[in-house]
Amino acid sequence: MTRNNSKHVIYSTIFGIMLLSTVSVNESVQAFAQTMQDNDFTVRNAEQINKDPVAKSILEKIELMKKQMAEIKDEKKKQQEHQKFIDQQRAVAKQELNKELDRMNDKYKDHTPKASFTSFVSSKPADTQLVYWDMFNFQQQKVSEARKAMKSVLDNGGSLQEAREAYHNAGAVKRVQLIDITKDLNIKHGLADNTVQSTFDKYGKLPRYD
């Protein structure tokens, strides 16, 4: 290797090291590898390089960088394998949970709110059963609204106490509202006359004429 070629190689290598100090590890190694490839870099005289402190230092840095890159790749591979293991465990846990929920639903299917209410309504006169079912559906709707309100608070960073308050506020039914609902359902299903019902005040009482 001639002196000019040696200088060319050293300058190219120094340029590679400069890249190492200015970009990320992965990018720097790629750039440095490309620099060596472009300049057809080959170490031909190990003894000459060992006598040159600058060249020797550069080669030591190259070896160190290669070692660091190998460690990074190994660590990345371990992280990917660990994440894959976690994802697999989550999938298994989800499957087991779904199976358990299916078993519980089957075991307690006769004790759900709807099943219990069906048993209750079946004991009532046939002409009033639709009123009860409309009231049940209203109650289920309020529960759904309450759950949505609680979830919204939690999703937006609210506290558990704030979520509970939102649940109760959304699910609450005032006495006056309940009276109106009952009146409307009785009229809807032909159990009451609209003219008669309109004589009751908002508290469900007939007006007094003292």
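The values are calculated or read from the model by the stated rules, or taken from the named source; none is laboratory data. Just so you know, these numbers come straight off a predicted model, no measurement behind them. Neighbour counts are summed over all protein chains in view; Cβ atoms, including those assigned to glycine, are modelled from backbone coordinates with ideal geometry. Ligands, DNA and RNA are excluded from the accessible area calculation, which covers all protein heavy atoms including side chains. Shrake-Rupley method; radii C 1.70, N 1.55, O 1.52, S 1.80 Å.
Checked against the criterion of being open to solvent by 80 Å² or more (accessible area, probe 1.4 Å) and touching a His at 6+ places or on another chain (Cβ under 8 Å), the range 88-108 has no qualifying residue. Filtered by the rule that a residue be loosely packed, with under 14 Cβ neighbours inside 10 Å, of a type in the set (Val, Ile, Thr) and at pLDDT 85 or above, the range 182-210 gives no residues. A search for C-beta distances below 6 Å between a residue of the range 119-136 that is closer than 10 Å to residue 186 by Cα and among the polar types (S, T, N, Q) and any residue that is at pLDDT 90 or above and not in a helix (DSSP H, G or I), counting only pairs 6+ apart in sequence or on different chains, returns nothing. Contact annotation: residue pairs with Cβ atoms under 9 Å, 6 or more positions apart or on different chains, pairing a residue in the range 142-161 that is over 24 Å from residue 174 (Cα atoms) with a partner that is open to solvent by less than 100 Å² (accessible area, probe 1.4 Å) and of a type outside the set (A, V, I, L, M, F, W, C), are 154/162; 158/152. For the range 68-82, does any single residue satisfy the condition of being closer than 30 Å to residue 141 by Cβ and surrounded by 10 or more Cβ atoms within 10 Å (Cβ to Cβ)? Scanning the range 68-82, I find no residue that is closer than 30 Å to residue 141 by Cβ and surrounded by 10 or more Cβ atoms within 10 Å (Cβ to Cβ), so the answer is no. The test for being open to solvent by 100 Å² or more (accessible area, probe 1.4 Å), out of contact with any helix residue (DSSP H, G or I) (no Cβ under 9 Å at 6 or more places or on another chain), at pLDDT 85 or above and not β-branched (Val, Ile, Thr) holds for residue 156. Residue selection: residue 134 satisfies the criterion of being acidic (Asp, Glu) and open to solvent by less than 50 Å² (accessible area, probe 1.4 Å).
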